[in-house]
Each structure stands twice: as C-alpha cells, then as structure tokens.
1. With respect to the numbered conditions (1) modelled with pLDDT of 95 or more; (2) over 18 Å from residue 427 (Cβ atoms); (3) out of contact with any helix residue (DSSP H, G or I) (no Cβ under 7 Å at 6 or more places or on another chain); (4) surrounded by fewer than 16 Cβ atoms within 10 Å (Cβ to Cβ), which one is the sole condition not fulfilled by residue 178?
2. Before we move on, is residue 57 in a loop (DSSP other than H, G, I, E, B) and assigned by TED's automatic domain parsing to the domain that holds residue 14?
3. Is it the case that the range 430-447 has a residue that's assigned to a loop (DSSP other than H, G, I, E, B) and more than 22 Å from residue 372 (Cα to Cα)?
4. Considering only the range 451-547, give the strands (runs of 3 or more DSSP E) lying wholly within it that have at least 3 residues that are within 23 Å of the chain's Cα centre (by Cα), more than 16 Å from ligand 2 (Cβ to nearest atom) and on the phi < 0 side of the Ramachandran plot.
5. For residue 462, indicate whether it is surrounded by fewer than 18 Cβ atoms within 10 Å (Cβ to Cβ) and within 13 Å of ligand 1 (Cβ to nearest atom).
6. Filter the range 73-85 down to residues that are within 16 Å of ligand 1 (Cβ to nearest atom) and either under 26 Å from residue 214 (Cβ atoms) or part of a helix (DSSP H, G or I) (or both), then give me how many there are.
7. Scan the range 303-321 for residues that are buried (at least 17 other Cβ atoms within 10 Å of the Cβ) and more than 16 Å from ligand 1 (Cβ to nearest atom) and jot them down.
Ligand SMILES: CC(=O)N[C@H]1[C@@H](OP(=O)(O)O)O[C@H](CO)[C@@H](O)[C@@H]1O
Ligand SMILES: [Mg+2]
C-alpha cells in the first residue's frame, strides 16, 4: 500500500470515529446494532467490500444496509460476494477486526497488513453495488459506505438506493455472469419464468384466488407494489406508505414467532384467506390464514418448513417423471437442509418422502453451503428464509434433455418446469418475492388451497422465548447448536426439564442478530411446549442472570 492510499484512508477514517465501548461481531448475518452507532462500521465495511472486489479480479460485490427483522431504530450492514452469496466466512475475522479498530491508525495498519497477506493489488478497478432498506437511518449510512468504498483507490460505489436484500444479491450475481442486472431485468426474469410455469400447469382451468400480503411496512411490500402481475391477484397491506412502523406488530418474524395475525389483518373477511408475510428486507416469507372468526387473532402458520416441504414435493414429482426409466438416482441427487429450529414433524415428513435431510447451523450462509453439495439442494430456516440451488451441471443436463424430448410429453414438461424453477427462484439467496411466486404456482399446479397445503403434516407445538442477559456470549454451544457446553451444568439442567415432557426437545443459543439468548422448545401439546420453554428460560436467567 503506497503513501497516497494510506493518506486517503487516514483522511476518510477521521470522519467516522468509533463510538466508545462499541464491540461488534459479523454474527449470523452481518453487523447489526443501534443505527446511531454504526457510521464507522458501515464506512469500514465499505472499505472491506472494495478490497473484496479487488481481490477477486475486479468482480462486482454488494453491500446491503439493513437490519432485517430488528426494530426500526437498529440498522446493519452485510456483504454479498461476487457469486451473489454471503461474504466468504474466511473474511469474517478481518471484518470483525476492522469494525472494532479503536483509531484511524490501527484501522489503516490492519488494512495494510491484510492487503499484503492477501496479495490484493491496490490501484486495480473495483466495483461495489450499494443498497438499503427503508430504515430512516439508511440514507446517511449509505453515504458512509460510499466514502469507505471510494477511499480505496480505483474503487467505485454504485448507489442502487432502496432495494430488498435478495434483489441486491441477484444483481451482483447477474452482473458477474455478464447478464443484464437492473431491477427491471429482475422483474422481467421473474415474469418470464412465472409465465412459463403457469403455461405448464396441467389442470385445464387456471383459477386465480386472492392472496393478501403483509409487507412488514418495509421495502418488500414497496418493491412488490412496483411489480405488477397480470396473472396473480395480490392485495398488499402494510406497505409503510400509510404510516405503520417497520416490523412493529407486522412482518414474517413477528408472525412466525408469535403465531398471531399482523396488524391490519384478522377482520371477518380475512377468515380462510391465503395470506403471506415478508420480513423487513424481504428475504423471509411465511404464509398463514385465520382459521375462524373466533380464533382471537391466532393463526394457522405455514412456515419455512412447510414451504420447504411444498418445494421438495414438487421438485421430487418432476424428477420422478423423467427419472423413472430404471435409472433412478443416476440423474439427480435431491437434498434438503434444515436447522435445529425446524419443527420435528417437518423433518419426519421430509424423511418419509425418502429425502436426504441434512442439518446446518443457524444462518443461511451455513445452509447455503450444504445445499450446494446436491444437484438440487433446497434449504429453509423455519422462519422462512431459504431457496433452491441447482448445480450448473444439472441445469446443463436439463437443458440438453429438453432438446431431446418430444415437446408436450410428460417428461418434457417435467424437465421444462425444473428449468423454469431454476430461473424463477433466486439462487443467490432466499428471496421472499420469488419464493412467493413459486408457492403460488405450485399451489395452482397441485390444485391446492392453503388449507390443503397445511395438511401435509401437523406441526408439533413449539415455543420460542428471547431472554435478555448481561452477556449472551457466556452461552457456548456444540457445532450443531443443540447442546450448550457453557455455562457449565446448564445442559444437564435443560435435559432434566426435557425429560419431563412427551416428545420434548429444547435448546438454547446466543442470537447472532439481537442481544438475547434464544430458547426453543417443542413438545406434544402446546401447554407442554410453553411450559418447557418457560422453564428453560428460567434456567438461562438463573445461570446467566437477567439484565
Ligand atoms: C431463530 C431465528 O429465527 N434466527 C434467525 C436470526 O438469527 P439469530 O442468530 O438467531 O438472531 O436472524 C438470522 C438472520 O436473518 C436468521 O438467519 C436466523 O434464522
Ligand atoms: Mg431478513
């Protein structure tokens, strides 16, 4: 690194001093915290993304300013790698180091050492696409990111303004593949593949029924609003245009964790209607319906596990159609990936379908990695974050097959559906918009209502509790996150509670996005799941103290 570069970094860094006592970790999904403290963090992640672009031969990188499901006063920042996936985990320690550097001098020293170690040639051309969600703090944080990127010589930041997280990831992936990568290209791609799947629906009568969407008062509802479907009937509520607060009583995280209707839903006209909910940056999707007028706001939830099951069933049906000539298994390997938060009933159901079910740690970066090991890998977190990955060689095989098969045959249609799904679904990262379109078209394909889909299996009652403690890092878990190694003795105490309940299962882990310890509990009745969840939460408080 030459003197000009060092001077450029020192000068810009002085604009963004690190607030006292801020200690950050890249966590489950990037840096998050109170937005008023994050200028220096976002500026520094701007530098990191520019270096990432240079390191990978001037590929385009993405930087998204969002705190997803967190409260509106929080914000955060995460990086999309050139593949469109999450930042390589190998760079996370560097991200942590620079985010916590206490002075401009220390920051520049860390960068210099890293640039030399990674053999990054400063002076090359680098490009970073910047996006933000609708949080009011996003605008000024984006300016900090811009300054960070452009303080690395030769690097430019391109402001993409308001975007969903998956749309930014999609743009990065498309750009690096040499494809058209604007928001309108994204819409066009969705429309073309959706129409293709609709044309392949086997039933003679294509019946459109209304879907009501909860946009979490965030960017997802707004982007959906821009995207007009001539073939679907979608009513969007909680767009944020009428003054609702982001994620407050609305959105996928609220709906999935509380299992009640979001604000603006639940009138008697909504009973039985198919509804969906996005989270704050539209990378999560859950469905729900109000079962009866007397349900008191309680909903039937169709979470990420149920979306995963629907997708797995559909993909398997297509694979079986052209893979049944005695060579089963030769053409494709379908696998599904879940986390410890997956409902036990969903895992039983998927295994019952004969599928390979693999478990990963919480956070899509972990699930994505495992799903990429299959020809077709489907991953979902229970909270609705997930997608389908198709290996490049499998897509080439499908396209080759399409040419050989006679048009209109069952095999041809099955292969064409899979090709269309590989185009519709956002393979960079889970995407609530493309996921919603795929659910809608599969329900049409099956001729199913949301109620019929819900009957695939019955969820085991579960309960999640957030416990505020003075130091959540005092909880250390095994790599599967299902057992706590620290504090010493807590796992034995948890096991003692679990034993008291039929089909009892419970675990704790420190959240990577909020300052809490999460408790998950499952049992054969809701009463038992609640009681197990509460007693484990009590154990957390007694071992760690409450804050
Ligand atoms: C139980 C739960 O829903 N955890 C979420 C949440 O992570 P935590 O580390 O649990 O805070 O946010 C992540 C990012 O959105 C998501 O990947 C993950 O599944
Ligand atoms: Mg999100």
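1. (2)
2. Taking the combined requirement at face value, the residue satisfies it.
3. Narrowing the range 430-447 to residues assigned to a loop (DSSP other than H, G, I, E, B): 430-431, 447.
Still in the running and more than 22 Å from residue 372 (Cα to Cα): 447.
Among the residues of the range 430-447, at least one is assigned to a loop (DSSP other than H, G, I, E, B) and more than 22 Å from residue 372 (Cα to Cα), which makes the answer yes.
4. Working: elements: 462-467, 484-486, 505-510, 517-522.
Qualifying strands (runs of 3 or more DSSP E): 462-467, 505-510, 517-522.
5. Numbers: surrounded by fewer than 18 Cβ atoms within 10 Å (Cβ to Cβ): no; within 13 Å of ligand 1 (Cβ to nearest atom): yes.
No.
6. Just the residues of the range 73-85 that are within 16 Å of ligand 1 (Cβ to nearest atom), to begin with: 74-80, 85.
If we keep only those that are either under 26 Å from residue 214 (Cβ atoms) or part of a helix (DSSP H, G or I) (or both) too, we end up with 74-78, 80.
The qualifying residues number 6.
7. First, pick out the residues of the range 303-321 that are buried (at least 17 other Cβ atoms within 10 Å of the Cβ): 303-316, 318-319, 321.
Correct list: 309, 310, 311, 312, 313, 314, 315, 316, 318, 319, 321.
The rows are residues; the columns are (1) assigned by TED's automatic domain parsing to the domain that holds residue 84; (2) at positive phi; (3) assigned to a loop (DSSP other than H, G, I, E, B); (4) touching a helix residue (DSSP H, G or I) at 6+ places or on another chain (Cβ under 8 Å).
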| site | (1), (2), (3), (4) |
| --- | --- |
| 266 | no, yes, yes, no |
| 269 | no, no, no, no |
| 276 | no, no, no, yes |
| 281 | no, no, yes, yes |
| 287 | no, no, no, yes |
| 294 | no, no, yes, no |
| 301 | no, no, no, yes |
| 305 | no, no, no, yes |
| 308 | no, no, no, yes |
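The values are calculated or read from the model by the stated rules, or taken from the named source; none is laboratory data. Predicted, not measured: the structure shown is a model, and the values here were computed from it. Ideal geometry is used to build each Cβ from the backbone, glycine not excepted, and the neighbour counts take in all protein chains shown.
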